[in-house]
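Asker: This is the structure I want to talk about, given as structure tokens.
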Amino acid sequence: MLEVVLELGISVTSRDLAAAAGVSEGTLFKVFETKENLLRSLASKHSGMPDSVGVWLQSIDVAGMSFEDLVIGIIENAMEQYRRSFRIFYALGPYIDSPGKDALEQFERELEPWTDALLQHSHRLRASPESAASILRMHAVAAADTTNMWTQQLTPAEHADIFLHGLMRPHDAAALDSTARDSAAHDSTQGTQE
């Protein structure tokens, strides 16, 4: 039944819902009384989803995985989960309750397996594993909202590459040092001119 709601949104008819459930409209109304009650029930059931990344991390040998493959896998699973969450939110938003304290705490706890997995690669991170996990999630959430016209559709591997290597082209260390010195010199002269 959820798929028909995701496809049609809240304009879905009770006839559409009954057909998707394989029952008559009368049977549907005996259980839910109104279409709104049914949509509320669907929203309640599907708005809290299991952490796909945590489930995936438990199913693999994290220690035997390269850092790059780990990041790609985290982003891929997170994007899939958050795309589905966005679809549910856009279809059933008016029927979804605001998250309570427990839901928000659970959302934060979902980062724990991400952090644990990144911990083994902490020597390659410029941020703590906790911060890296949070940044990865922010990146995946932003990438998953495909309804925004400004969102360029990149693959999980492309998102992972940006996370791992940034947007700068590779440069030799001397060129980077020179650029940093030039920038610092420019900043110091700007301060004296004001």
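Asker: Look through segment 102-119, keep the residues that are of a type in the set (D, E, K, R) and more than 14 Å from Glu130 (Cα to Cα), and return whichever of them is surrounded by the fewest Cβ atoms within 10 Å (Cβ to Cβ).
Answerer: Keep residues of segment 102-119 that are of a type in the set (D, E, K, R), which gives 102, 105, 108-110, 112, 116.
Remaining after also requiring more than 14 Å from Glu130 (Cα to Cα): 102, 105.
Values: Asp102: 9, Glu105: 11.
For segment 102-119, the residue satisfying everything is Asp102.
Asker: In addition: Hey, among Leu118, Leu167, which residue is aliphatic (A, V, I, L, M), over 18 Å from Ser47 (Cα atoms) and modelled with pLDDT of 85 or more? Don't jump to the end; show me each part of the working.
Answerer: Values: Leu167 fails: modelled with pLDDT of 85 or more.
The conditions single out Leu118.
Asker: Also: For Pro113, are the conditions met, namely being touching a Ser or Thr at 6+ places or on another chain (Cβ under 8 Å), assigned by TED's automatic domain parsing to the domain that holds Val53 and at pLDDT 90 or above?
Answerer: So Pro113 fails the test.
Asker: For Val23, are the conditions met, namely being out of contact with any Gly (no Cβ under 6 Å at 6 or more places or on another chain) and part of a helix (DSSP H, G or I)? Give the steps one after another, and end with the answer.
Answerer: Values: out of contact with any Gly (no Cβ under 6 Å at 6 or more places or on another chain): yes; part of a helix (DSSP H, G or I): no.
Taking the combined requirement at face value, the residue does not satisfy it.
Asker: Also, quick follow-up: Suppose the filter is within 30 Å of Asp161 (Cβ to Cβ) and either surrounded by 15 or more Cβ atoms within 10 Å (Cβ to Cβ) or not assigned by TED's automatic domain parsing to the domain that holds Ala160 (or both); does Phe67 pass it? Talk me through it step by step, then tell me what you get.
Answerer: On the way: within 30 Å of Asp161 (Cβ to Cβ): yes; either surrounded by 15 or more Cβ atoms within 10 Å (Cβ to Cβ) or not assigned by TED's automatic domain parsing to the domain that holds Ala160 (or both): yes.
Criteria met by Phe67.
The values are calculated or read from the model by the stated rules, or taken from the named source; none is laboratory data. Fair warning: this is a prediction, and the values are worked out from it, not measured in the lab. Backbone-built Cβ (ideal geometry, glycine too); neighbour counts: all protein chains shown.
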